[in-house]
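Chemist: Please read through the structure below; I'll follow up with questions.
The values are calculated or read from the model by the stated rules, or taken from the named source; none is laboratory data. Quick caveat, the model's predicted, so the values are computed rather than measured. When we count neighbours, we look across all protein chains shown, and the Cβ atoms used for this are built from the backbone with ideal geometry, even at glycine.
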Amino acid sequence: MIKDPQAFQLLADDTRRRIIHLLRAKERTVSQIAEEVGLTPQAIYHHIRKMKSADLVEVAREERIDHFIETYYRATAEIFHLSHGEEGAKADEEKQTRETLVSLSKIGIKVPADEDSVSKIVKAAASMKDCTSNSTWTDKISGLEDVDFFTKQGMIEYACLATMPDKEFEEFLDGYREIRNVLHPPAEHHTGKRKT
């Protein structure tokens, strides 16, 4: 589980997410990663160094080839669960929520992005018990060797929904209803369109 705000910021970068995706599937050298993502080895090494300091990647092994030592890296986990639960992460979550709301206008969806709306959404999201943090499911599913990463992500989500008690599920839905009410106030539900 990732709670470190530094790790959140690192994973906000598309290149780093691509690197993590590659390193979940297979150990790779900096040169191999650079070739796959189309960047220089120096740029990849810079990303790797930062992710290594945040415990997102680690050295898997070193292999001597002639007079050189090739270092192979891997992701520290096959499945990363992000949690904003720690003190200090609230400001990061509010910032990310605000940016997300504002960015929706780029696809023609206008929603409120004022301080009150952001605060209500962050509060509703925090109140929703995230069953994917259940380490029992995560540990069991991430240990499956014959299932790919994306299927594992879906399995965790569906296993949680399938085993979640009804009361907990209703509380989960209440959180989504609260978020929807901020994004699409009840007075506008009958038209199916937001006022612009």
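Chemist: Filter segment 115-139 down to residues that are closer than 20 Å to P165 by Cα and modelled with pLDDT of 70 or more and give me whichever is surrounded by the most Cβ atoms within 10 Å (Cβ to Cβ).
Modeler: T138
Chemist: Output the residue which, of all residues in segment 24-45 that are modelled with pLDDT under 90 and either of a type in the set (D, E) or assigned to a helix (DSSP H, G or I) (or both), is surrounded by the fewest Cβ atoms within 10 Å (Cβ to Cβ).
Modeler: Per the criteria, the residue is A25.
Chemist: Working carefully through the options I20, I48, I109, find the one that is modelled with pLDDT of 90 or more, aliphatic (A, V, I, L, M) and in a helix (DSSP H, G or I).
Modeler: None of the other options fit; the residue is I48.
Chemist: Hey, among the residues in segment 53-78 that are free of Cβ contacts under 8 Å to residues at least 40 places away in the same chain and hydrophobic (A, V, I, L, M, F, W, C), which one's surrounded by the most Cβ atoms within 10 Å (Cβ to Cβ)?
Modeler: Checking each candidate, the answer is V57.
Chemist: Within segment 97-106, is there a residue that is farther than 28 Å from A75 by Cβ, modelled with pLDDT of 80 or more and touching a Lys or Arg at 6+ places or on another chain (Cβ under 9 Å)?
Modeler: yes
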